[in-house]
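Novice: Sending over a structure as structure tokens; questions will come in a sec.
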Amino acid sequence: MSKTRNTLRATSIKGWFEMTRETCPICSHTGGCMINTNGDAVACIRIESEKPFSKNSACPSWLHWLKRNEKKQITTENIQQENSEKKLSSDSLDTIYRSLLVNTELSNDHYNHLSGKDRGLSDEQIRIREYKSFPEKPWNCARLIEKSIGLKDFTGVPGFYLAKGRNGGSYWNVSGPKGILIPFRNNKNEIEGFQIRIDNPPNEIKLKKRDELLHAEVKRQPNIVQVSYEGEILMEKEFTLDENVTIYHENNIIGWVTLTKGQRYFWLSSANKPKGTISGLPAPVHVSVPSSELKDWSVGELRRAKSVWLGEGPLKQDIAIDKIVQVYDKEELSDVGTTMLGLPGVGSWRLAIPILKEMGAERVNICYDMDSVSNVYVQKHLKECIKGLRNEGLQVYISLWDGKKDGKGIDDLLINKSFPELRRLV
């Protein structure tokens, strides 16, 4: 049986742990899939089985039993505990997060990224959407928020935690890496959370195994990779990005190792820290409207929309919706709509259902990135999303374009002054 360290995260399901840095033995991906405390069962979110594990959740999974030689040893050394305070209500979070934005600035580097040719945002758009940089001195930012709104206790606010002072006292701090703070707004224009587009994402390993005793890790960033088998180091060398290396042991192929770019977007969260709070349960869904409408949208006012676009991620949806009102005429906009929902992930489309109902939606334009054409994992969720929306009585349209010519995302497409083909699914 294999033994790993610091690769699992405790979840809200007792006895089940997310494989955050360990490759799932079923789908060969990291993140999302879970293993049980006995190490003999996996709840995989990508490959189905005859037994659903969490079929009706925001991210469904299926149960798979491991063979004896695949069984993993689960110890406390493997597990990162998930400790979190109960998250505050949306209106309470909005008050605190808006004060955070007031007391935070946007760095020159981040401004240049947002206003550059790839994003193309104007100064007014950046100001209205309130993109900011994660504070250089987060502890000082927390003090400024305390003074501005008179709040002394940040328990239940994702990102905030109680830090220990040098003299034995404690103070509130904000946890996060350097990067751009991107607000997640709900359908009442309340800021419920943030994603951080980090500046320098660490490289990660993608490992496809033929033998469960194979292990690989980035020993030193950015590209020194160590590969071992049953504790014996087989190689330690510099990899190039996206290089795929076949691993042999005693002349037998035991797997493949690829160095990939690490995750770029992270939630503002303080789980596992004193008085800290996880970002999700449930994860926020971003509601994006044109900048011209956002500046006049009162906090607490429910957004109504008959036609809604459904995609992934907040920043690309913000960019795309501003482009949509520029390229479509008034009559066309009444059909396609000027509201976008940015999901936290392609598999979390179920989170959009209650929001669509509240908004009075009748039509949904799905605008996932064009890698859904070739990515089996995205394809599966796309098919489930279409079926689920149609079961709710919604008209479903799919957005199509040439991903190679006009870019992967709908934001790239519209920046290139092209339109998606909206095809109704009947």
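The values are calculated or read from the model by the stated rules, or taken from the named source; none is laboratory data. Keep in mind it's a predicted model, so treat the numbers as computed, not measured. Cβ atoms come from the backbone with ideal geometry, glycine included; neighbour counts cover every protein chain shown. What goes into the accessible areas is simple: the full protein's heavy atoms, side chains included, and nothing from ligands, DNA or RNA. Shrake-Rupley method; radii C 1.70, N 1.55, O 1.52, S 1.80 Å.
Novice: From the set of residues in the range 313-335 that are in contact with a helix residue (DSSP H, G or I) (Cβ under 7 Å, 6 or more places away or on another chain) and over 24 Å from TYR265 (Cβ atoms), which is surrounded by the fewest Cβ atoms within 10 Å (Cβ to Cβ)?
Specialist: VAL327
Novice: Still on this structure: Suppose the filter is part of a helix (DSSP H, G or I) and open to solvent by 10 Å² or more (accessible area, probe 1.4 Å); does TRP172 pass it?
Specialist: The answer is no for TRP172.
This table checks each residue for (1) assigned to a loop (DSSP other than H, G, I, E, B); (2) at pLDDT below 90; (3) in contact with a Cys (Cβ under 8 Å, 6 or more places away or on another chain).
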position: GLY176; (1), (2), (3): yes, no, no
position: ARG197; (1), (2), (3): no, no, no
position: PRO201; (1), (2), (3): yes, yes, no
position: GLU217; (1), (2), (3): no, yes, no
position: VAL227; (1), (2), (3): no, no, no
position: THR246; (1), (2), (3): no, no, no
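Novice: Restricting to the range 149-169, give me the number of residues that are small (Gly, Ala, Ser), exposed (fewer than 12 other Cβ atoms within 10 Å of the Cβ) and out of contact with any strand residue (DSSP E or B) (no Cβ under 8 Å at 6 or more places or on another chain).
Specialist: Of the residues in that region, 3 qualify.
Novice: Please go through the range 251-288 and pick out each residue that is under 14 Å from GLY193 (Cα atoms) and of a type in the set (Val, Ile, Thr).
Specialist: Within the range 251-288, THR277, ILE278, VAL285, VAL287 qualify.
Novice: Under 9 Å between Cβ atoms, which residue pairs at least 6 apart in sequence (or on different chains) link something in the range 247-258 that is in contact (Cβ under 8 Å) with a residue 40 or more places away in the chain with a partner that is polar (S, T, N, Q) and in a strand (DSSP E or B)?
Specialist: ILE253/THR246; GLY255/THR246; TRP256/ASN244; TRP256/THR246; VAL257/ASN244; VAL257/THR246; THR258/ASN244
Novice: Shifting gears a bit: Against the conditions (1) outside any loop (DSSP other than H, G, I, E, B); (2) under 30 Å from ILE126 (Cβ atoms); (3) open to solvent by 30 Å² or more (accessible area, probe 1.4 Å), where does LEU234 fall short? Just the number, please.
Specialist: Only one criterion in (1) outside any loop (DSSP other than H, G, I, E, B); (2) under 30 Å from ILE126 (Cβ atoms); (3) open to solvent by 30 Å² or more (accessible area, probe 1.4 Å) is unmet by LEU234, namely (2).
Novice: Provide a single number: the residues in the range 213-227 that are under 18 Å from GLU70 (Cβ atoms) and either of a type in the set (A, V, I, L, M, F, W, C) or surrounded by fewer than 17 Cβ atoms within 10 Å (Cβ to Cβ) (or both). Please lay out each step first, then the result.
Specialist: First, pick out the residues of the range 213-227 that are under 18 Å from GLU70 (Cβ atoms): 213-216.
Filter once more, keeping what is either of a type in the set (A, V, I, L, M, F, W, C) or surrounded by fewer than 17 Cβ atoms within 10 Å (Cβ to Cβ) (or both): 213-214, 216.
Matching residues across the range 213-227 total 3.
Novice: Right, LEU310: crowded, with 23+ Cβ neighbours inside 10 Å and assigned to a strand (DSSP E or B) or not?
Specialist: For LEU310, the condition - crowded, with 23+ Cβ neighbours inside 10 Å and assigned to a strand (DSSP E or B) - is met.
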